[in-house]
1. Quick one: is ALA76 part of a loop (DSSP other than H, G, I, E, B) and within 16 Å of ligand 1 (Cβ to nearest atom)?
2. Identify, please: which residue in segment 97-110 is under 12 Å from LYS41 (Cα atoms) and among the acidic types (Asp, Glu) and is, among those, nearest to ligand 1 (Cβ to nearest atom)?
3. Output the helices (runs of 4 or more DSSP H) that fall wholly within segment 93-207 and possess 1 or more residues being in contact with a strand residue (DSSP E or B) (Cβ under 9 Å, 6 or more places away or on another chain) and crowded, with 19+ Cβ neighbours inside 10 Å, or say none.
4. Right, ASP70: among the acidic types (Asp, Glu), away from ligand 1 (no atom under 13 Å from the Cβ) and not in a strand (DSSP E or B) or not?
5. Can you work out which of the residues in segment 72-96 that are away from ligand 2 (no atom under 14 Å from the Cβ) and not aliphatic (A, V, I, L, M) is nearest to GLU229 (Cα to Cα)?
6. Kindly provide the set of residues from segment 208-252 that are within 16 Å of ligand 1 (Cβ to nearest atom) and assigned to a strand (DSSP E or B), ordered by number.
7. Out of PHE74, PHE63, which single residue is of a type in the set (Phe, Trp, Tyr) and either at pLDDT below 95 or closer than 29 Å to ARG184 by Cα (or both)?
8. Can you tell me which residue within segment 279-304, out of those that are touching a residue at least 60 places away in the same chain (Cβ under 8 Å) and more than 14 Å from GLY79 (Cα to Cα), is surrounded by the most Cβ atoms within 10 Å (Cβ to Cβ)?
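The values are calculated or read from the model by the stated rules, or taken from the named source; none is laboratory data. What you see is a predicted model, and the numbers here were worked out from it, not measured in a lab. Glycine gets a Cβ as well: all are built from the backbone with ideal geometry, and neighbour counts include every protein chain shown.
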Amino acid sequence: MTDTEPKTADEHREDGAPQEAADAPVVPSATTDPPPVVEFKGVTKTYSAGKKNAFTAIRDINFRVEDRPDTGEFVAVLGPSGCGKSTLLRLIAGLKPQHPATEGEVLVDGEQVEGPGPDRGMVFQDYTSFDNRTVLDNVAFGLECRGTGGEEREARSREWIGRVGLDVDKDADKYPYQLSGGMRQRVAIARSLVLHPRIILMDEPFGALDPMTRFRMQDLLVGLWRHLEATVFFVTHSIEEAVYLGERIYLLSSSPGTILQEIEVPPPDRPAQEMQREASFVDTVFGIRETIERLEIEAEATNG
Ligand SMILES: Nc1ncnc2c1ncn2[C@@H]1O[C@H](COP(=O)(O)OP(=O)(O)OP(=O)(O)O)[C@@H](O)[C@H]1O
Ligand SMILES: [Mg+2]
């Protein structure tokens, strides 16, 4: 590879150490290149802008996630509590009051985000489901809104209930209160993915799960993602989770959040529990922890 060639996600260091992508060479794109899937240009979000209680949650965020034909990228967004991770994700989703940005541009496929759309699916931490709907009717909800006919709707919903590892015969008629946290999160994932969004936005979806269930859900997500070929933005506090799932990690500073660094890591190629106890994986996590500490100290010094 020469200096003028772009790095690809396949070109990872063999020692498992994070590879810094921030200084990757910028290659002028031909006019026929598709626009990035998601691009932030100088995005700042100030809540209650212009008022006494104005609060800037994220400041001058810039990044672009390129369109990779037939495969999406898995982007992990990592940062301390309150640094603006949910703000960033909800700006991509076009959800208020995060949308619209106070300054800058949020672009999806080269177009300014105007609000929510079927191209973007969101999965939240708190297993959002309709309490008064069965598992099947929860998963079918989006298709119903789209006007997909009864038979097809039920078939696709049942297929997705199975895909997320639930038992179609036993679980389809249950209500959310009859499910464990892990099962409810599977329903939430099926609800979103049954619609085949091109961009999947996940806000700490496994944050409330016990470690074993979390490993299982990480494995599930890797399998689903390969099948869907979607671009995933996955917000997490956990360095381990970001390193395992992500191909690219955006490290956010503490509030107001800004991107401290972009890091490329090898994609998952083994089950979560197995890979996460390997020495090279633990070294990578440790390296990123040190990077975060160093960058935080530098950022504090710069900001005074
Ligand atoms: N609607 C709002 N109005 C005013 N301030 C808000 C609003 N939503 C978030 N904030 C503030 O903006 C900052 C960033 O919030 P955000 O929810 O994006 O952080 P986060 O990184 O997702 O945190 P966590 O990891 O705890 O979920 C926080 O200080 C929060 O209090
Ligand atoms: Mg959050």
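1. Answer is no for this residue.
2. GLU103
3. Qualifying helices (runs of 4 or more DSSP H): 135-146, 181-193.
4. Answer is yes for this residue.
5. Restricting to residues being away from ligand 2 (no atom under 14 Å from the Cβ) and not aliphatic (A, V, I, L, M), the top hit is GLY72.
6. Matches in segment 208-252: PHE233, PHE234, VAL235, THR236, ILE249, TYR250, LEU251, LEU252.
7. PHE74
8. Here the residue is THR284.
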